[in-house]
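Only one structure is covered here, and it is reproduced in the block below.
The values are calculated or read from the model by the stated rules, or taken from the named source; none is laboratory data. All of these numbers come straight from a predicted model, not from anything done at the bench. Here the Cβ positions follow ideal geometry from the backbone for every residue, glycine too, while neighbour counts run over all protein chains shown.
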């Protein structure tokens with residue numbers, strides 16, 4: 001697999017999953033344009049702000065003239081019903097749904113032949129913990145946006161999403177019960193997601209569009225009942 005001289009745009013590419021995705025693209029020969037609020041070598045800025053996003057988009061267009069891969073990875077804020085303000089919820093949706101749509105819209109005319117969009121959602125798009133509304137709503141929204149864009153861009157750009165489960169994005173070691181509860185026997189790593197992004201962007205995935213792929217070690221397939229396999233229900 002090679003992406004020599006192809007252009008990849010990665011939001012939230014300065015750390016964690018986004019950094020692994022950007023590094024993998026570079027290793028395969030692609031030119032990578034990152035936007036992140038954290039320090040990076042390409043563009044530092046808040047993609048929730050339209051003026052900032054426009055500056056980033058214009059920079060990419062002027063420097064590269066085309067976009068082959070758009071990876072919408074930047075994570076929305078994690079706030080819950082007990083504390084989340086109107087402004088915080090709206091901001092989460094701007095990061096998680098509005099910016100990915102706007103990027104696809106503004107890059108629409110310069111997507112190269114065989115282009116691919118990959119949206120990073122979360123297994124929380126189908127299951128929740130208490131007080132996770134802003135993050136969960138944004139992640140659910142980007143899955144719906146995925147199949148809408150796949151139909152609108154049919155024949156020109158393939159659009160898919162990935163829903164990671166528990167992914168270790170740092171140097172911590174998770175073992176014991178943390179690992180044993182996962183049907184796959186371990187917590188996920190950033191490479192698990194980056195490798196799927198590379199596959200979905202490659203010609204090998206040429207017949208896959210509008211799809212959401214959950215990479216969670218099987219956790220969302222695991223039935224849990226009180227008293228089974230040491231699972232205990234402890235209500236708040």
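Descriptive notes on the structure:
- Qualifying residue in segment 214-223 (condition: surrounded by 14 or more Cβ atoms within 10 Å (Cβ to Cβ), in contact (Cβ under 8 Å) with a residue 12 or more places away in the chain and either within 12 Å of the chain's Cα centre (by Cα) or assigned to a strand (DSSP E or B) (or both)): yes
- Per the listing 38, 48, 14, the residue uniquely touching a residue at least 12 places away in the same chain (Cβ under 8 Å), surrounded by fewer than 16 Cβ atoms within 10 Å (Cβ to Cβ) and under 23 Å from residue 91 (Cβ atoms) is 38.
- Filtered by the rule that a residue be touching a residue at least 24 places away in the same chain (Cβ under 8 Å) and more than 23 Å from residue 52 (Cβ to Cβ), segment 138-155 gives 143, 146, 147, 150, 151, 153, 154.
- Taking the criterion of being assigned to a helix (DSSP H, G or I) and more than 20 Å from the chain's Cα centre (by Cα), the residues of segment 106-131 that qualify are 109, 110.
- Any chance residue 58 is within 24 Å of residue 121 (Cα to Cα) and without any contact (Cβ under 8 Å) to a residue 24 or more places away in the chain: no
- Test: residue in segment 168-188 that is outside any loop (DSSP other than H, G, I, E, B), touching a residue at least 12 places away in the same chain (Cβ under 8 Å), surrounded by 15 or more Cβ atoms within 10 Å (Cβ to Cβ) and touching a strand residue (DSSP E or B) at 6+ places or on another chain (Cβ under 8 Å): yes
- Within segment 20-35, the set of residues being part of a helix (DSSP H, G or I), surrounded by fewer than 18 Cβ atoms within 10 Å (Cβ to Cβ) and either in contact (Cβ under 8 Å) with a residue 12 or more places away in the chain or touching a helix residue (DSSP H, G or I) at 6+ places or on another chain (Cβ under 6 Å) (or both) comprises just one member, 23.
- Residue, surrounded by the fewest Cβ atoms within 10 Å (Cβ to Cβ), within segment 123-132, restricted to residues that are in contact (Cβ under 8 Å) with a residue 12 or more places away in the chain and in contact with a helix residue (DSSP H, G or I) (Cβ under 7 Å, 6 or more places away or on another chain): 127
- Test result for residue 47, within 23 Å of residue 144 (Cβ to Cβ), at pLDDT 95 or above and not in a helix (DSSP H, G or I): yes
- Verdict on residue 208 being at pLDDT 95 or above, in contact with a helix residue (DSSP H, G or I) (Cβ under 9 Å, 6 or more places away or on another chain), surrounded by fewer than 16 Cβ atoms within 10 Å (Cβ to Cβ) and closer than 30 Å to residue 1 by Cα: yes
- Residue within segment 56-72 that is surrounded by 20 or more Cβ atoms within 10 Å (Cβ to Cβ), out of contact with any strand residue (DSSP E or B) (no Cβ under 8 Å at 6 or more places or on another chain) and modelled with pLDDT of 95 or more present: yes
- When the test is whether a residue is modelled with pLDDT of 90 or more and in contact with a helix residue (DSSP H, G or I) (Cβ under 9 Å, 6 or more places away or on another chain), residue 230 does not pass it.
- Per-region count, segment 89-119, residues in contact with a helix residue (DSSP H, G or I) (Cβ under 6 Å, 6 or more places away or on another chain) and closer than 13 Å to residue 134 by Cβ: 5
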